[in-house]
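The values are calculated or read from the model by the stated rules, or taken from the named source; none is laboratory data. Because the structure is predicted, anything quoted here is derived from the model rather than measured. Every residue, glycine among them, receives a Cβ derived from its backbone with ideal geometry; neighbour counts consider all protein chains shown. Note: accessible area is taken over every heavy atom of the protein model, side chains too, but ligands, DNA and RNA are not part of it. Shrake-Rupley method; radii C 1.70, N 1.55, O 1.52, S 1.80 Å.
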Amino acid sequence: MKDCLFCKISNETINVEKIYENKDLIAFNDINPQAPFHILIIPRKHISTINDIENQDKILIGELFIAAKEIAKQNKISKSGYRLIFNCNENGGQTVFHIHLHMLGKRKMSWPPG
Ligand code: AMP
Ligand code: ZN
């Protein structure tokens, strides 16, 4: 997608410090962190919202969670814990329309979320 911020990050038109990457996904720090550890894990494939996930994407979506587990291990937050979030559309608070898994850690989260 030509005008998508996260596609540009994925194809390195915009350079960011990568936390983790493989052929299918990339993870990088959120520009406006809501916790001491706040990264975004995105598929390289452009998918606008969770509503746009297709059956053929099921392995890809699973890989986002496998990456989260690996990143947790690398950053030593597996045991202390972390939160994973997908926001969808207006009520979900989505502002970037290329799906991204928020991963927050290194502080205690509250519930319910705001
Ligand atoms: P959401 O509101 O769920 O769509 O989340 C979008 C996230 O992308 C927000 O947490 C922003 O802080 C983050 N964000 C926006 N632009 C950038 C950027 N250039 N680099 C890293 N994170 C970004
Ligand atoms: Zn995109």
Seminar exercise, completed: At 4 °C and 1.567 mPa s, the Stokes-Einstein diffusion coefficient in µm²/s for the stretch 36-106, with hydrodynamic radius from the Kirkwood sum on alpha carbon pairs, is 101
Exercise. In the stretch 5-105, carbon and sulfur make up what percent of the accessible area (probe 1.4 Å)?
Worked result: 51
Problem set entry | Any cysteine of the chain lacking a neighbouring Cys Cβ under 4.7 Å - listed by number | 88
Seminar exercise, completed: Mean accessible area per residue over the chain (1.4 angstrom probe, all protein chains present, square angstrom) is 63
Seminar exercise, completed: For 15-21, 43-49, ranked highest to lowest by mean beta-carbon neighbours within 10 Å, the order is 43-49, 15-21
For this session: Starting from the Cα of residue 2, draw a straight line to each of the aspartates and glutamates and keep only those under 15 Å, dropping any in the same chain fewer than 8 residues away.
Result: 12
For this session: Report the calculated FRET efficiency for residue 5 and residue 86 (r = Cβ-Cβ distance, R0 = 25 Å), to the nearest 0.05.
Result: 0.90
Problem set entry | Ordering of 28-36, 101-109, 51-59 by burial proxy (mean other Cβ atoms within 10 Å per residue, highest first) | 101-109, 28-36, 51-59
Exercise. Against the longest alpha carbon principal axis of the chain, how many degrees, from 0 to 90 and to the nearest 10, is the axis of helix 58-74 turned?
Worked result: 40
